[in-house]
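Take a look at the structure below.
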Amino acid sequence: NMIMQDIVNGEGVTLIDPHGDLYTEVLESIPKDRYGDVALVNPCDFEYATGINFLETSKSRYRSVEMNFIINEMMCIFDRLYDLRTTGGPIFEQYMRGALGLIMEADPEGATLMDIPVVFEDDVFRKKLLKKCTNVVIKNFWTKQALKAGGEAALSNIAPYITSKLNQFTTNALLRPIIGQRRSTINFRTILDEGKILLVNLSKGLLGQLDTMLLGMLIIGKIFSSAMSRVAEPKERRRQMFLYVDEFQNFTTESVSHLLSESRKFGIALTLANQNLAQLSSGLGRNSVLDSVLGNVGTVLMFRTGILDSDRMAHYVRPAYTAADLQELPDFHVISRMLAHNVPQRPFVFNTLPVNA
């Protein structure tokens, strides 16, 4: 209902759905006067591969800031996939950052993730990029460190260790046609600035858990990168876009702590849904995600919770309600701790409305 209300009101809306049902319901409910505003990302439609080049940047004077964000976000994605504290290390990070920086500096309009293995495997390709690269720091890394190292640190020995982390992207028959296109077929900045509707179907049942996670993290990264590229625009000209993410714990990286606190400044209103707090605190270093969510959200809506969650969330609704109240909510009832006009409201209970088809 919230999504359809925003669409009917002419707002910009993005939905990322890991199940597919909500995607279909919203798509079938789009009013005719907004048909022209709709963009779809549906990897299950194999006849039309949507191009999403994660390394694509704008031509603004803040391009270097965008590049830095993209590289940092890629490292966060690798960390989420492989736990770099145990399988990575400073060597992996140094070489991966060097490769990402090299292809983005040397080929600012056409670099893709598919180029990274080629940097390590093809001497001719790498030399061609180094000739085009004007960034002294990146150039010095390759010419004075990477290419001169010998023994176990030689590039020929390091290359398989680095490129093995890219297999999930480069050898994936589903992802390769999407991330390998040099031009994104969807302009995320235009969607933000013009208030378009972007619907993303990442159904786990059809794509699988890993592909859903990878695409979701890449798309959310692109959205925030595009939002941050509006830094040159006056705040009042940054049109607000409403981003809805179901089961958002599947798509969060450690940078979510930064994104949650910064997104509103760049015109993104976040609505995040998940099942329980354990999903946000499981795994190494994940407590920061839970803390950043609880510390940054303005409005919390709680349906019936389990025992563990009710004990923690009761702090947000006391003294009006207790942990037992949270555990005993009837179906379709919510306890809300709402922020209205930047002022916290007293918690209250309401009954959710049926779907307004």
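Miscellaneous remarks
- Per-bin percent of Cα-Cα distances, region 37-125 [5 Å]: 3, 12, 19, 20, 18, 16, 9, 3, 1, 0
- Average accessible surface for region 315-357: 75 Å² per residue, computed with a 1.4 Å probe over protein heavy atoms with every protein chain in place.
- Whole-percent carbon and sulfur share, accessible surface of region 98-160, 1.4 Å: 54 percent
- The chain - mean residue ellipticity at 222 nm from DSSP helices (-39,500 (n - 2.57) per run, n ≥ 4, rounded to 500): -12000 deg cm²/dmol
- Geometric extent, Cα atoms of the chain - Rg, Dmax (angstrom): 22.1, 69
- Placing unit charges on the Cβ atoms only, positive for Lys and Arg and negative for Asp and Glu, gives the chain a dipole magnitude near 1440 debye about its Cα centre.
- Kirkwood-type hydrodynamic radius, region 84-139: 11.7 Å, calculated from all non-identical alpha-carbon pairs.
- Within the same chain, lysines fewer than 8 places from K265 are excluded, and of the rest, those with a Cα less than 26 Å from its Cα are K59, K196, K222, K235.
- Whole-angstrom gap from region 319-357 to region 12-32, using each part's C-alpha centre: 25 Å
- Taken per residue, the accessible surface of region 117-225 reaches 46 Å², heavy atoms only and a 1.4 Å probe.
- Cβ charges +1 (Lys, Arg) and -1 (Asp, Glu), total dipole of region 76-138, debye: 180 debye
- Residue-normalised accessible area of region 1-98, expressed per residue, 1.4 Å probe, Å²: 50 Å²
- Scalar couplings 3J(HN,Hα) for region 213-220, obtained by applying the Karplus form with A = 6.51, B = -1.76, C = 1.60 to θ = phi - 60°, are 4, 4, 5, x, 5, 5, 5, 5 Hz; x denotes Gly and Pro.
- Atom-type composition of the exposed protein surface of region 180-282 places 49 percent of the accessible area on carbon and sulfur (1.4 angstrom probe).
- Peptides ranked, highest mean first, by Cβ atoms within 10 Å: ranges 189-200, 28-39: 189-200, 28-39
- Overall, the accessible surface of region 297-357 at a probe of 1.4 angstrom is composed of carbon and sulfur to the extent of 59 percent.
- Net lengthening on full extension, E47/D291 (0.36 nm per residue, minus Cα-Cα): 83.7 nm
- Sorted peptide list for 123-135, 202-214, criterion being average Cβ within 10 angstrom, highest first: 202-214, 123-135
- Simple point charges give the picture: +1 on the Cβ of Lys and Arg, -1 on the Cβ of Asp and Glu, and for region 86-245 a dipole about the Cα centre of about 380 debye.
- Theoretical gain in end-to-end length, K59 to A149 [0.36 nm per residue, Cα-Cα removed]: 28.9 nm
- Anchor K32: aspartates and glutamates whose Cα lies under 19 Å away (excluding residues fewer than 8 positions away in-chain): D6, E11, E194
- Normalised by 2.2 N^0.38 Å, with N the number of residues, the alpha-carbon radius of gyration of region 24-63 equals 1.68.
The values are calculated or read from the model by the stated rules, or taken from the named source; none is laboratory data. Everything quoted here is computed from the prediction, not taken from an experiment. Neighbour counts are summed over all protein chains in view; Cβ atoms, including those assigned to glycine, are modelled from backbone coordinates with ideal geometry. Side chains included, ligands, DNA and RNA excluded: accessible areas come from the protein's heavy atoms. Shrake-Rupley method; radii C 1.70, N 1.55, O 1.52, S 1.80 Å.
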